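The values are calculated or read from the model by the stated rules, or taken from the named source; none is laboratory data. Here the structure is a predicted model, which means the values were calculated and not measured. Every residue, glycine as well, gets a Cβ built from its backbone with ideal geometry; the counts of neighbours run over all protein chains shown.
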Amino acid sequence: LGAALVGEERYTDAQPHLEAARKIFPNYGGPDSPYWYLAQAYNGVGDLTGAEQALSQLIQRSESNYDAYTMHADVLEQLDRPKEAADALDKAVLVWPYEIELHQRLATLHAEIGNYPRASRERAAVVALNPTDKAQALYALAIAYQEAGDLIGARSAVLQALEIAPNFDAALELLLILRSGLPGGS
């Protein structure tokens, strides 16, 4: 009943039924776990702390619930906890590593918290997944390498971007900046 009420967006009505289900099945972490629906119900009424707690309980019981990890990251970002959000997305990537948007989001989060080596790893994953705009992905990888202090990697990535799009202004500007900072640069 609680799941049906969540489906109808009757979150307040669903909560008592879901709490009862959680008490009956406290260790169940499957796709229709009471924790999953509780998280949606709490999120639906704006109780981010309740949603975060339900998702934490769920991912302790299920290591392969991709949707739980991504929702957990969403909630943690809204709670202004970017490091924990990045940790949740790192786990989501282990479940399903083929989503470009997930790697882009994770790279942004890692850069935001100052973890530039991990940001560059995620940008490299985006390039490896062969995105539609590969020149832009290579440029983003070059920026990530630059932020991580790997100027040689940055130069290599920006040159690859320029091979694809020779008139890519931002990449040309980055190449000039990188050349001035590399040994033997002008």
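A few comments on the model shown:
- Checklist (1) outside the structural domain of LEU178 (by TED's automatic domain parsing); (2) surrounded by fewer than 19 Cβ atoms within 10 Å (Cβ to Cβ); (3) assigned to a helix (DSSP H, G or I) applied to LEU89, failing item: (2)
- Residue check, SER56 modelled with pLDDT under 95, of a type in the set (Gly, Ala, Ser) and under 19 Å from the mean Cα position of the chain (by Cα): no
- Selection status of VAL95, buried (at least 21 other Cβ atoms within 10 Å of the Cβ) and either free of Cβ contacts under 8 Å to residues at least 24 places away in the same chain or within 20 Å of ASP74 (Cβ to Cβ) (or both): no
- Given (1) within 30 Å of GLN40 (Cβ to Cβ); (2) over 12 Å from the mean Cα position of the chain (by Cα); (3) surrounded by fewer than 20 Cβ atoms within 10 Å (Cβ to Cβ), index of the condition THR132 fails: (1)
- In region 7-55, the residue that is surrounded by the most Cβ atoms within 10 Å (Cβ to Cβ) out of those that are of a type in the set (Asp, Glu) and not in a helix (DSSP H, G or I) is ASP47.
- The residue pairs whose first member lies in region 1-21 and is within 15 Å of ALA51 (Cα to Cα), whose second member is β-branched (Val, Ile, Thr) and assigned to a helix (DSSP H, G or I), and whose beta carbons are closer than 9 Å, counting only pairs six or more residues apart or on different chains, are ALA14/VAL6; LEU18/VAL6.
- Filtered residues of region 123-153 (kept if under 19 Å from LEU174 (Cβ atoms) and not aliphatic (A, V, I, L, M)): ARG123, PRO131, ASP133, LYS134, GLN136, TYR139, TYR145, GLN146, GLU147, GLY149, ASP150, GLY153
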